[in-house]
Amino acid sequence: MSMMPLQACVGGLFIGAACGAYMILVGRIAGNSGVMKALVNGPREPAKIAFMAGLMAGGALMMRLLPGAFEVARAPSLAIALSGLAVGLGVSLGNGCTSGHGLCGLSRFSLRSLAAVPTFMGVAIVAATLTTYSGTIGSPLAITPTPQPTIDLAAKLAATLAVAVVPAFVLKGTLKETYASLWVGACFAVGLSVGGMVRPSVVINALSPVRFDATLWILFVTALATTFALYRVATAVGVKGASCLAPGGSQGAIDAKLLTGAALFGLGWGSGGVCPGPQLVSLAADPTAPGPLLMLAAVVVGDRKSTRLNSSH
């Protein structure tokens, strides 16, 4: 195992481009947990279905093009189920995860996201450390260069996606939103795969000091910087949703539900190493793997349970 900083940066660029393009094209937040929540609980609008289709098609494609990006799927276990349950409860209560709050929310100057992100990051670090710590702390993983074939593949995928996004600037109405959502999901899947976020061990090692791997942090900072820059472009061309500080923008309440949801999400993410976007991409890469299927089922149960609790109050 080793770190590949360049590959993490490239993955972050794809993810940031997906988030920023979604706001510029249709004024939407690229939240993976929001897509999953909508498909579980409704309304199942075409744009949400297309986003998930893009994620999963991208996952299946990347498994063929870059199989080394994926780990062997973990076997079913109680720990996996509990991690998935916590993620499902958390993203529903907190209304966001690493993409919706971490990338898009911070880029919009959302105070709710500014409260949620350090909450789930802090809890995730504690959870990952407690899960992996056995009395000793090893050296950080060694840094190795990204293989040239991977760089070449990323360049070809970037060129293909750049051409494929053109129709989204021409189409109108629902067709435009649906096509843009499909493109964004696919671009997101490429970034998650190239950047290493479909490997739970990479996430857990980034959150724990036991075998520290900076891949997650390099990718996140790159993706956030790219998203932030493109959101400023969106603001400049008049997309109101790109900034909570724009005239007519609003800030939601920072309440106990938000912080509890963020903490639960951090608990599940830190202990399991998987959040909704990478989970869907990994599942598409290996759709019969029982461990990921169990975790997905647990996420759905947690999401539905949280939604029912919210609707009863």
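The values are calculated or read from the model by the stated rules, or taken from the named source; none is laboratory data. The model shown is predicted, which means the values in this text are computed figures rather than measured ones. Ideal geometry is used to build each Cβ from the backbone, glycine not excepted, and the neighbour counts take in all protein chains shown. Accessible surface areas use protein heavy atoms only, side chains included; no ligands, DNA or RNA. Shrake-Rupley method; radii C 1.70, N 1.55, O 1.52, S 1.80 Å.
Can you check what the net charge comes to around residue 234, using other residues whose Cβ is under 11 Å from the Cβ of residue 234 (Lys, Arg +1; Asp, Glu -1)?
Working: positive: 28, 108, 232, 240; negative: none.
In short, +4.
Beyond 14 Å, how much of the Cα-Cα pair distribution for the stretch 13-67 remains, as a whole percent? Write out the running numbers ahead of the final one.
Working: 907 of 1485 pairs.
Of all Cα-Cα distances in the stretch 13-67, 61 percent exceed 14 Å.
Using modelled backbone amide H atoms (1.01 Å from N, in-plane), which distant-in-sequence or interchain residues come within less than 5 Å of residue 3's amide H?
So residue 3 has HN proximity to 142, 143, 144.
I need the shape label for the stretch 43-199. Rule: rounded when a/c is under 1.5, else prolate if a/b > b/c, else oblate, with a, b, c from the alpha carbon gyration tensor. Before the final figure, lay out the partial values.
On the way: a/c = 1.86, a/b = 1.27, b/c = 1.47.
Here the stretch 43-199 falls in the oblate category.
Binning at 10 Å from 0, report for the stretch 77-155 what percent of all alpha-carbon pair distances ends up in each bin.
Over the stretch 77-155, the share of Cα pairs per 10 Å bin runs 14, 30, 27, 29, 1 percent.
Beyond 33 Å, what share of the Cα-Cα pairs of the chain is found? Please give it as a whole percent.
18 percent
For the chain, what is the calculated [θ] at 222 nm in deg cm²/dmol (nearest 500), taking -39500 (n - 2.57) for each run of four or more DSSP H residues and dividing by its residue count?
Details: 12 runs with 209 residues, N = 313.
After summing the helix terms and dividing by the residues of the chain, the value is -22500 deg cm²/dmol.
Kyte-Doolittle mean at least -0.5 and Cα extent at least 30 Å along the axis: which DSSP H helices of the chain qualify?
Flagged H segments are 5-26, 111-132, 173-194, 215-236, 290-311.
Hey, any idea what % of the chain's accessible area is carbon plus sulfur with a 1.4 Å probe?
Of all accessible area on the chain, carbon and sulfur atoms account for 71 percent.
For the chain, what does the accessible surface come to per residue with a 1.4 Å probe? Please give it in Å².
Each residue of the chain exposes 42 Å² on average to a 1.4 Å probe.
Here are some pairs, 176/257; 37/240; 48/172; which of them have Cα atoms lying more than 27 Å apart in this structure?
Beyond 27 Å between Cα atoms: 176/257.
So what is Rg over Rh here for the stretch 136-259, counting just Cα atoms and using Kirkwood for Rh?
Using only Cα positions, Rg/Rh for the stretch 136-259 is 1.05.
Kindly give Rg over Rh for the stretch 28-129, based on alpha-carbon atoms, with the Kirkwood expression for the hydrodynamic radius.
0.99
Among 218, 29, 143, determine the one that fluctuates most according to a GNM of the chain built with springs between C-alpha atoms less than 10 Å apart.
143
Label 7 Å along Cα→Cβ of residue 41; the stretch 238-264 residues with amide nitrogen under 14 Å?
257-258, 261-262
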